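Engineer: Quick one: the structure is below, and I'll ask about it shortly.
Just so it is clear, none of the values below were taken in a lab; they were calculated from the coordinates. Just so it is clear, the model here is predicted, and its values are computed rather than measured. Positions of Cβ are generated from backbone atoms using ideal geometry, with glycine treated the same way; all protein chains shown enter the neighbour counts.
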Amino acid sequence: MAHHKSALKRIRSNEARKLRNRYYGKTMRNAIRRFRSLTSKTEAEATLPRLVSMIDRNAKRNVIHKNKAGNLKSKLTLMVNSLS
């Protein structure tokens, strides 16, 4: 059990942050899943910038690692380029 008021506050704020980060990560994963199911190149090209922005925001917030963000963006861009 925490012995200081600041430790109690830290526990509360960590829990709130954890829930928020979980929401951001899950939203991003769902968006990627929907994106990978696209078959139209024009639709994928229109959606890619918003998805890349979401990935970059999560990397900035430390929800995901910056290298994971780069790998995701690279693979999604390759997927769009391979569509016909």
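Engineer: Against the longest principal axis of the chain, how steep is helix 66-82, in degrees 0 to 90 to the nearest 10, with axes from Cα atoms?
Structural biologist: Taking the Cα atoms of the chain, the angle to 66-82 is about 20 degrees.
Engineer: Here's something else I'd like to know. Distance check, please: which entries in 5/26; 18/75; 41/68; 18/66; 18/68; 41/73 exceed 22 angstrom between their Cα atoms?
Structural biologist: Listed pairs above 22 Å: 5/26; 18/75; 41/68.
Engineer: Just rank 43, 15, fewest to most, by other beta-carbon atoms within 10 angstrom.
Structural biologist: Sorted ascending by nearby Cβ count, the order is 15, 43.
Engineer: I need to check one value: relative contact order of segment 5-82, counting alpha carbon pairs closer than 8 Å and at least 6 residues apart, in percent.
Structural biologist: 31 percent
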